[in-house]
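One structure is given here, and the rest of the page talks about it.
The values are calculated or read from the model by the stated rules, or taken from the named source; none is laboratory data. These numbers come from a predicted model, not from an experiment. Cβ coordinates were reconstructed from backbone atoms using ideal geometry, including for glycine residues, and neighbour counts include every protein chain displayed. Protein only, heavy atoms only, side chains kept; ligands, DNA and RNA dropped before computing areas. Shrake-Rupley method; radii C 1.70, N 1.55, O 1.52, S 1.80 Å.
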Amino acid sequence: MKKKLQNAKAIAIIGGADGPTGIFTINPKKLKVRIKNYLYKNKRKKIEKKIVANTHTLEEVLQYAENTYSAKMSDYKVNAMPNISRVYEIKESNDFLYIEIDDTSATFGISFSGSKKTTKVFQKITKDLYTYYGVSEKDIDEKTERYLSLLCVLSS
């Protein structure tokens, strides 16, 4: 109990001389996390309502990435990742966004890193590509992995 009180940033004592006393402690770090989670859940709920069925194939997504963002087949070593069939890349400054294609499960993933400025650009591209890939009515009803991936990307 003593350690918890030392970590607390705010302490409230309710009660007094004539009745039971309650002591409440508040840790602002936990409060910030709870607020962040609450805001994320609300954002996610709003996005869920906006998702409509509109699907494209992986080949259409790759064609869209080539036409819109100049994506090119990468020389990236696919052998290191057994589930990945093909890798495409989009270059921005000296940084790269990689689109990893798994032809066996007909899925794709995106990874990137870089400066803050480049990361923001890559986040927009990622959202655009996942939105273009889209979901079907069945995906929405059954909350499939494809639907949850889209929801997660749009909520970030």
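Calculated accessible area for the stretch 97-137 comes out at 52 Å² per residue, all protein chains present (probe 1.4 Å; ligands, DNA, RNA ignored). Packing-based ranking of 125-134, 106-115 yields 125-134, 106-115, ordered from highest to lowest mean Cβ neighbour count within 10 Å. Averaged over residues, the count of other Cβ atoms within 10 Å places the peptides 55-61, 31-37 in the sequence 55-61, 31-37, highest first. Distance between the pseudo-spin-label points of Met73 and Lys36 (7 Å out from Cα toward the beta carbon): 4.2 nm. For Lys49 and Thr107, the FRET efficiency from 1/(1 + (r/R0)^6), where r spans their Cβ atoms and R0 equals 30 Å, is about 0.75. Between the residues Asn42, Tyr69, His56, the greatest Cα displacement towards the positive end of the dipole of the stretch 24-77, with unit charges on the Cβ of Lys, Arg, Asp and Glu, is found for Asn42.
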